[in-house]
1. Can you go through 104, 55, 90, 36 and tell me which one is part of a helix (DSSP H, G or I) and either surrounded by fewer than 19 Cβ atoms within 10 Å (Cβ to Cβ) or touching a residue at least 40 places away in the same chain (Cβ under 8 Å) (or both)?
2. Touching a Phe, Trp or Tyr at 6+ places or on another chain (Cβ under 9 Å), closer than 21 Å to residue 13 by Cα and part of a strand (DSSP E or B), is that true of residue 72?
3. I'd like to know if the range 128-138 contains one or more residues that are loosely packed, with under 12 Cβ neighbours inside 10 Å and in contact (Cβ under 8 Å) with a residue 40 or more places away in the chain.
4. Pull up the range 139-149, narrow it to residues that are surrounded by fewer than 15 Cβ atoms within 10 Å (Cβ to Cβ) and not small (Gly, Ala, Ser), then point me to the one that is farthest from residue 22 (Cα to Cα).
5. For residues that are exposed (fewer than 14 other Cβ atoms within 10 Å of the Cβ) and without any contact (Cβ under 8 Å) to a residue 40 or more places away in the chain, tally how many sit in the range 110-127.
6. For the range 124-144, name all the residues that are more than 18 Å from residue 73 (Cβ to Cβ) and part of a helix (DSSP H, G or I).
7. When the residues of the range 107-123 are filtered to those that are β-branched (Val, Ile, Thr) and part of a loop (DSSP other than H, G, I, E, B), which remaining residue is farthest from residue 17 (Cα to Cα)?
8. Please enumerate the residues belonging to the range 114-145 that are basic (Lys, Arg) and at pLDDT 95 or above.
Amino acid sequence: MEQTFVMVKPDGVQRGLTGKIISTLEEKGYKLRAIKMLRLSEKMAGKHYAEHVEKSFYSSLLQYITSGPVVAMVWEGKNAVKGARTIIGKTNPLEADPGSIRGKYAIDLGRNVIHGSDSPESAQREIAIYFNPEELVDYSMANDKWIYE
């Protein structure tokens, strides 16, 4: 099974969308392995967005992501990265499928509610920023036999 990192951004937390986002991923059949609410320091946000450091929007991105609490999560399942990205929707909400999280809840690119890893490698890097290995809880779900062949 593959793991992916998902984060409800400050706008999603402030708008009370965390529960809806968790429910959406659970209803799909993904397993929640870890969750925590935190307020990102600039250092932690810098690690998360390291690939954007040279871009013009970097400082405003850091200011936004540290502006309020976020909810960091690890989800697990078959093809979890690609599956979660499909549920989340395209980065620009105006291009996102109307049934996706961003398609339903976001209007502006700079307030797009949620982050999801874009590759298994990114997922592992991002999970390591937010969670120690012992924080990922392993358990069996009773409905696994109804989700997977």
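The values are calculated or read from the model by the stated rules, or taken from the named source; none is laboratory data. All values derive from a computational prediction rather than experimental measurement. Cβ: placed from backbone, ideal geometry, glycine included. Neighbour counts: every protein chain shown.
1. Numbers: 55 fails: part of a helix (DSSP H, G or I); 90 fails: part of a helix (DSSP H, G or I); 36 fails: part of a helix (DSSP H, G or I).
Result: 104 is the single residue among 104, 55, 90, 36 that is part of a helix (DSSP H, G or I) and either surrounded by fewer than 19 Cβ atoms within 10 Å (Cβ to Cβ) or touching a residue at least 40 places away in the same chain (Cβ under 8 Å) (or both).
2. yes
3. Of the range 128-138, the ones loosely packed, with under 12 Cβ neighbours inside 10 Å are 132-134, 137-138.
This time we only want the ones that are in contact (Cβ under 8 Å) with a residue 40 or more places away in the chain, so: 137-138.
Scanning the range 128-138 turns up at least one residue that is loosely packed, with under 12 Cβ neighbours inside 10 Å and in contact (Cβ under 8 Å) with a residue 40 or more places away in the chain.
4. Pass one, the range 139-149, residues surrounded by fewer than 15 Cβ atoms within 10 Å (Cβ to Cβ): 139-140, 142-149.
From what is left, the residues that are not small (Gly, Ala, Ser) are 139, 143-149.
Values: 139: 18, 143: 17, 144: 18, 145: 21, 146: 20, 147: 17, 148: 20, 149: 24 Å.
Restricting to residues being surrounded by fewer than 15 Cβ atoms within 10 Å (Cβ to Cβ) and not small (Gly, Ala, Ser), the top hit is 149.
5. Going through the range 110-127 one residue at a time, the tally reaches 2.
6. Filtering the range 124-144 down to residues more than 18 Å from residue 73 (Cβ to Cβ) leaves 140, 142-144.
144, the sole residue that qualifies.
7. First, the residues of the range 107-123 that are β-branched (Val, Ile, Thr): 107, 113-114.
From what's left, part of a loop (DSSP other than H, G, I, E, B): 107, 113.
Numbers: 107: 14, 113: 8 Å.
Per the criteria, the residue is 107.
8. At the first step, the residues of the range 114-145 found to be basic (Lys, Arg) are 125, 145.
Within the range 114-145, just 125 meets the criteria.
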